[in-house]
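Working notes, structure below.
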Amino acid sequence: MEEKYELLAAVLKELQAKGVLDGLVIVGSWCQYYYRILFDNAPEIPLLRTLDIDLLVPNPSRFTTKVDVSALLNQLGFDNDFDHMTGLVKYVHPDLEIQFLTPALGRAKDTPCEIKQLNINAESLAYMKMLQDYKFSMTHKGLTLWLPEPEAYTLHKILISIKRKDPAKKEKDLMAAKSIGELCLEYETRRQRLKTIYAHLPKKWQRTISDVLKQLSPAMFSFLTAG
């Protein structure tokens, strides 16, 4: 695990040195690595068991300088994995795989979004805007990182779980949402933040989340839906 983190840290350090890291948000399961640190190594947060790192490019992006991120990753030992069906490029290393994502504003696109300032493309996905809207900054080992607020991450995991075709991935999303969400309920400020973010989501999303929480976490369901 630490070897994978050291590789990730090397990537993030290079992105920070080039002035790019501040414009990206770490999303996906690697957030849990940092949430465990944020919550003083809370055992409720699932241990990380993935090689994939997802980096969110906000939409619209606001990079002030041009940086060839594709070449930067190649120099760090990552190979370009080009999907001929979609045109999406991922960056693959024996110990880690990096993919760039971006919020779909409106209907999700079938083709990747070109991020010309970084010489990369990003997969356009639904439900990602909430992760760019509700984020916080965290400093760890000399790196200043943007991550989704744990409360937003919890609600996002529930929303994407309903789209999962792989039962194992769906179960993983739901267990992460349950453990992190119920941990947030233990802190008054986080309880209220969870409710605030939920209240600002579209009504359709709220209904989807509440329907899932009835079975997944009666505690979160009761808290979020109480008048």
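Miscellaneous remarks
- Ranking by accessible area, most exposed first, for Phe39, Phe82 with a 1.4 Å probe: Phe82, Phe39
- Under the Debye formula (equal points on every Cα, no solvent term), log10 I(q)/I(0) of the stretch 46-97 at q = 0.19, 0.26, 0.32 Å⁻¹: -0.86, -1.15, -1.21
- Computed over protein heavy atoms with a 1.4 Å probe, the accessible surface of the chain works out to 51 Å² per residue.
- Value in Å of the Kirkwood radius, where the stretch 35-123 supplies the Cα pairs that are averaged: 14.8
- Proximal aspartates and glutamates relative to Lys18, as straight alpha-carbon distance under 15 Å, when same-chain residues fewer than 8 apart are discounted: Asp68
- Counting only Cβ charges, +1 for Lys and Arg and -1 for Asp and Glu, the dipole size of the chain around its Cα centre is about 980 debye.
- Angle in degrees between helix 188-199 and the longest Cα principal axis of the chain, rounded to the nearest 10: 80
- Report summary: the helix-based calculation at 222 nm, which adds -39500 (n - 2.57) for every DSSP H run with n ≥ 4 and divides by the residues of the chain, gives -13500 deg cm²/dmol.
- Choice from Gly77, Gly142, Gly19 showing the highest fluctuation, given a GNM over the chain with Cα pairs closer than 10 Å: Gly142
- The chain - percent of accessible surface contributed by carbon and sulfur, probe 1.4 Å: 51
- Remark: the Leu38-Asp68 segment gains 7.6 nm on full extension, using 0.36 nm per residue and subtracting the alpha carbon distance.
- Kirkwood hydrodynamic radius (C-alpha pairs) into Stokes-Einstein, the chain, 25 °C and 0.890 mPa s, D in µm²/s: 134
- The stretch 1-59: GluC sites (Glu not before Pro) in DSSP coil with no more than 16 other Cβ atoms inside 10 Å: Glu44
- Shown are Trp205, Trp30, whose ranking by accessible area with a 1.4 Å probe and every protein chain present, most to least, is Trp205, Trp30.
- From the Kirkwood radius over Cα pairs of the stretch 110-172, Stokes-Einstein at 4 °C and 1.567 mPa s returns a whole-number translational diffusion coefficient of 93 µm²/s.
- Cα radius of gyration and Dmax for the stretch 1-72 (Å): 13.7, 41
- For the stretch 167-208, the list of GluC sites (Glu not before Pro) that fall in a loop by DSSP and count at most 14 other C-beta atoms within 10 angstrom reads Glu186.
The values are calculated or read from the model by the stated rules, or taken from the named source; none is laboratory data. Nothing here was measured: the structure is a model prediction, and the numbers come from that model. Because the Cβ atoms are built from the backbone with ideal geometry, glycine has one as well, and the counts that use them run over all protein chains shown. To get the accessible areas, we keep the full protein, side chains included, count just its heavy atoms, and leave off ligands, DNA and RNA. Shrake-Rupley method; radii C 1.70, N 1.55, O 1.52, S 1.80 Å.
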